[in-house]
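What follows is one structure encoded as C-alpha cells, with my remarks underneath.
The values are calculated or read from the model by the stated rules, or taken from the named source; none is laboratory data. Predicted model only: the values in this text are computed from it and were never measured. In this analysis, Cβ positions are derived from the backbone assuming ideal geometry, glycine residues included, and neighbour counts consider all displayed protein chains.
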Amino acid sequence: MKATAHPSAERLRKARFYAILDAAYLVPAQFAPICRAVIEGGADIVQVRAKSADEATIRALIESILPQFEGNDIPLIVNDHLNIALDYPRCGLHVGQDDMPVAKARSELGPDRILGLSTHSVEQAKVALELAGFLSYFCIGPVYPTRTKPDYVPVGLKLAREVNALNAGVLPLFCIGGINRKNVAEVRAAGAERIVVVSDVLHSTDPAAAVREMRSVMPCED
C-alpha cells in the first residue's frame, strides 16, 4: 500500500521544534508537567520514548499526557511500538533503522497517521527519500555527540547540510542529536529548518523557555 498525503502533512511542513519526552531522563510523574511546558513553549511535535520500559508503562505515560493534546493539532508520536500507537487514534509512530520496515509500518498504520524514520548517513537518507510515499518525515543525526545515543558516531553539520540539499523539500527533515541552546544557531546556519531536542529541554529548570529560545532561532512560516 502506498501512502497518500495525510491530514498532518501541512502541520509537519510548518513544524520547527520536535520535543522528545524520554524516560531515560524523566520519571513518570514528570511526563505530564514537562509535556505541558514544551507545548506552552511552542513545540510542534511531541514524542514519547521509553526504550527500556514495558508496554504497560509506556501506555501509562501516554495516557498521562493525552489530555494535553485535546483541542489542538499537535502530533503525538510513539517511539518504536506500533501496537501501542495503533491503540491511540491520534498517535503516530517513529521507527529506527533496526525496527520494523517502513513499508510494513505504513501498511499497519494506514494512510493518515504520521510515520517518521531515523537516518544516520547519506545512504540511509537516500533510502528514506525513496520511501517518501510511505514516510511523513525523517531525521538525520546525531549531529553532535549525545548521551541519548552514546554508541552513535556524530554525523556533523557537513553531513546535515548534504542531506538537507539532497532532500530539497521532498520530506520534512529534522536534525537531531546534541542540539542545544549553545549550538542551535550554528545548526540553523548550516541550513537546518527543523530540530529535535531532548536533554537540553528535559534538564532545563524552565523547559518552556528553553523551547521558546531555540524555536525562535528556526525559520517560521505562517
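Structure summary
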{"read-out": "Pick from segment 42-64, criterion farther than 18 Å from residue 15 by Cβ and among the hydrophobic types (A, V, I, L, M, F, W, C), ranking: farthest from the chain's Cα centre (by Cα)", "value": "56"}
{"read-out": "Selection status of residue 91, under 26 Å from residue 181 (Cβ atoms), surrounded by 13 or more Cβ atoms within 10 Å (Cβ to Cβ) and out of contact with any Gly (no Cβ under 9 Å at 6 or more places or on another chain)", "value": "no"}
{"read-out": "Subset of segment 98-131 [part of a loop (DSSP other than H, G, I, E, B) and either touching a Cys at 6+ places or on another chain (Cβ under 9 Å) or touching a residue at least 24 places away in the same chain (Cβ under 8 Å) (or both)]", "value": "111, 112, 113, 114, 120, 121, 131"}
{"read-out": "Number of the exception - residue 110 against (1) closer than 26 Å to residue 142 by Cβ; (2) more than 15 Å from the chain's Cα centre (by Cα)", "value": "(1)"}
{"read-out": "Tally of residues being without any contact (Cβ under 8 Å) to a residue 24 or more places away in the chain and at positive phi across segment 164-182", "value": "2"}
{"read-out": "Within segment 113-128, considering residues that are buried (at least 18 other Cβ atoms within 10 Å of the Cβ), over 13 Å from the mean Cα position of the chain (by Cα) and aliphatic (A, V, I, L, M), the one farthest from residue 162 (Cα to Cα)", "value": "128"}
{"read-out": "Selected residue [assigned to a loop (DSSP other than H, G, I, E, B), at pLDDT 95 or above and surrounded by 19 or more Cβ atoms within 10 Å (Cβ to Cβ)] from 138, 134", "value": "134"}
{"read-out": "Extreme residue, modelled with the highest pLDDT, among residues of segment 149-167 that are in a loop (DSSP other than H, G, I, E, B) and over 21 Å from residue 185 (Cα atoms)", "value": "153"}
{"read-out": "Residues of segment 66-97 satisfying the condition of being free of Cβ contacts under 8 Å to residues at least 24 places away in the same chain, over 17 Å from the mean Cα position of the chain (by Cα) and either part of a loop (DSSP other than H, G, I, E, B) or closer than 19 Å to residue 133 by Cα (or both)", "value": "70, 71, 89"}
{"read-out": "Matching entry among 9, 29 (being at negative phi, surrounded by fewer than 21 Cβ atoms within 10 Å (Cβ to Cβ) and free of Cβ contacts under 8 Å to residues at least 24 places away in the same chain)", "value": "29"}
{"read-out": "Test: residue in segment 145-162 that is crowded, with 18+ Cβ neighbours inside 10 Å and touching a Ser or Thr at 6+ places or on another chain (Cβ under 6 Å)", "value": "no"}
{"read-out": "Residue pairs meeting the criteria (Cβ under 6 Å; at least 6 apart or on separate chains; first small (Gly, Ala, Ser), in segment 183-208; second modelled with pLDDT of 95 or more and not in a helix (DSSP H, G or I))", "value": "185/217; 192/175"}
{"read-out": "Test for residue 25: is it closer than 20 Å to residue 210 by Cβ and not in a helix (DSSP H, G or I)", "value": "yes"}
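Here is a yes/no grid of residues against (1) of a type in the set (Asp, Glu); (2) out of contact with any helix residue (DSSP H, G or I) (no Cβ under 6 Å at 6 or more places or on another chain):
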{"position": "51", "(1), (2)": "no, yes"}
{"position": "76", "(1), (2)": "no, no"}
{"position": "98", "(1), (2)": "yes, yes"}
{"position": "121", "(1), (2)": "no, yes"}
